[in-house]
Each structure stands twice: as C-alpha cells, then as structure tokens.
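One structure below.
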Amino acid sequence: MACRSPASSRRPSMKTLLLWDIDGTLLRNKGAGKRAMNRAFAKMTGEEGAFDSIDMAGGLDLNMIGGVFARYGVDASRMEEFLTLYYPCLEDVMRDGNSKLMPNVVQVLERAERDARFYNAYGTGNVERGARIKLEHFDLNRFFPVGGFCYGPVERWQLLQDGIERAQQHYGVEFAPERVIVIGDTLKDIEAARKIGAKVVAVGTGGHAYDVLAAAEPDLLLADMTDEERFFAFCSE
C-alpha cells in the first residue's frame, strides 16, 4: 500500500494526525539501537560497552550519543564519523532476528491509511536514517512519508512539533492541536504530547510498565494495539 499523496494545497481541516513513536510502540527491538551504538563506538574508539548504562526508553539519539562522547572525551566534531559507522551496524543488528513487530500494528496502520480522516506520521527520538532503517526492516516506511526525528540537541516535544509541521507541509492539511494524537510507550511521550497540546495514547508494550503509564493519566491507555476498536473509537472522537 502506497502512502497517501500530498494534497494540492493546505486547507483548514478536522483531519487527525496520528504521530507514532517507533521503538517500543511499533517495534520491539530488544536494544537494537544500543547494541549498534556500542559496536560503532567500539570501532571508532576501541571502547566496549559505552552505551550499556544508558536508559534509552524515550531518549533522543543525538543527546545520548553526545553524553557518551563527553564521558569518554570524544570531540563532538566526530559525530558524523560515528553515525557513518552506526548505520551499517544498525542494519546488521536489525537482521539478527531479535527485533519484532508489536501485535496488530500493521493492521492498525493499514486501517488508518484507508480512512480519509487519518494521516500517519512518525515522531521518534531516532535520527532520521536510523528511524528509516528500523521501519524498512518491517516494510513500514510505506506508511510514513514524513515525520519528526532527532535532528540536534533538542527536547522530545520539539521533534514532535517538527513532525507536525512536516506532516502539514506534506499532506497540505492544517492539524489543530486537539486533532494530533501522539502514540507512545513511555512517560516522555506523554509529557511531550502534553507540552504541545496534543492528545496521547499510551501503550504498555515498551519502555514503561502499564501501571506506571496509568499513573500519568494519558488520554487513552492500551495494553497493546490488539485493542483496535477502542483505539479508533478514541481517535474518532
């Protein structure tokens, strides 16, 4: 299924933007990013396990990499060198058989794609190429012509806002804040959604336990995406 074509001109709309996190929400990667970063850093510096102590749930790639650089005395100017090593390492790790699709996510994405009320985009702490590598492994790039990603030392709400703006430009649709729904698996997703005035659906499939997410009072909390009817009922309100 191809991504929906962009509209010819932007127009005021009650259409809904579904802004999807990737790791822990769409995919269970079992530390793929961390393992790939460890391999890349070891190739660059000889240091093993540099990212082992990093809690990556809801984190932003460039912020986490920058923190490791600072701890090991690596100059920030070597970031591009690191990323050049990281991408093939990530491709290798994604092929090792440990990464899985979350239950029913393809069916939900396909249903949203068929419904003229909804538009898909991603909002992730991955760098853009890292996000695309992960999505491509499961043939999910077809659902995401555009999205927000970690492009510098930013906060999570900023990359979500960037994803909204990119989606508006691509689709030619103005999304009111209350018609943006962030879907994620961590407290950081909930916090970032609140910051930009979006609604938030939390799923208990990744970085934080169901009870922890419940305490943060997201607009909707699901165990996973098999609860498809509740998800679309909420998104249609």
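Values in this text are rule-based calculations from the coordinates and carry no lab data. Because the structure is a prediction, the values reported are computed rather than measured. All Cβ positions, glycine included, derive from the backbone under ideal geometry; neighbour counts span all protein chains shown.
Across the stretch 194-237, the residues whose backbone nitrogen lies under 18 Å from the label position 7 Å along the beta-carbon direction of MET14 are 199, 232-237.
The order of GLU110, GLU191, going from fewest to most other C-beta atoms within 10 Å of their C-beta, is GLU110, GLU191.
The count of lysine pairs in the chain that are at least 8 places apart or cross chains, and whose C-alpha atoms lie under 22 Å apart, stands at 14. Per q in 0.19 1/Å, what log10 I(q)/I(0) does a Debye calculation on the alpha-carbon atoms of the stretch 32-94 return? Once normalised to I(0) and log-transformed, intensities are -0.62. Once the Cα atoms are used to define both axes, helix 105-114 deviates from the longest principal axis of the chain by about 40 degrees.
Here, the chain has an Rg and a Dmax of 17.5, 54 Å when only alpha carbons are counted. Treating r as the C-beta distance of ASP55 and GLU237 and R0 as 30 Å, the FRET efficiency rounds to 0.35.
Only helices enter the 222 nm calculation for the chain: every DSSP H run of n ≥ 4 contributes -39,500 (n - 2.57), and dividing by all residues gives -13000 deg cm²/dmol, rounded to 500.
Semi-axes of the equivalent ellipsoid for the stretch 106-204, computed as √(5λ) from the eigenvalues of its C-alpha gyration tensor and ordered from largest down, come to 18, 17, 14 Å. Bridge orientation summary for the chain: considering DSSP beta bridges with both residues in this region, about 10 percent are antiparallel. The residues packed around THR25, meaning those with a beta-carbon under 9 Å from its beta-carbon, carry a net charge of -4 if Lys and Arg are +1 and Asp and Glu are -1. Here r is the Cβ-Cβ distance between ARG129 and GLU228 and R0 is 35 Å; the resulting FRET efficiency, rounded to 0.05, is 0.70. The GluC sites (Glu not before Pro) of the stretch 12-85 that meet both conditions, a loop assignment by DSSP and at most 15 other Cβ atoms within 10 Å of the site Cβ, are GLU47, GLU48.
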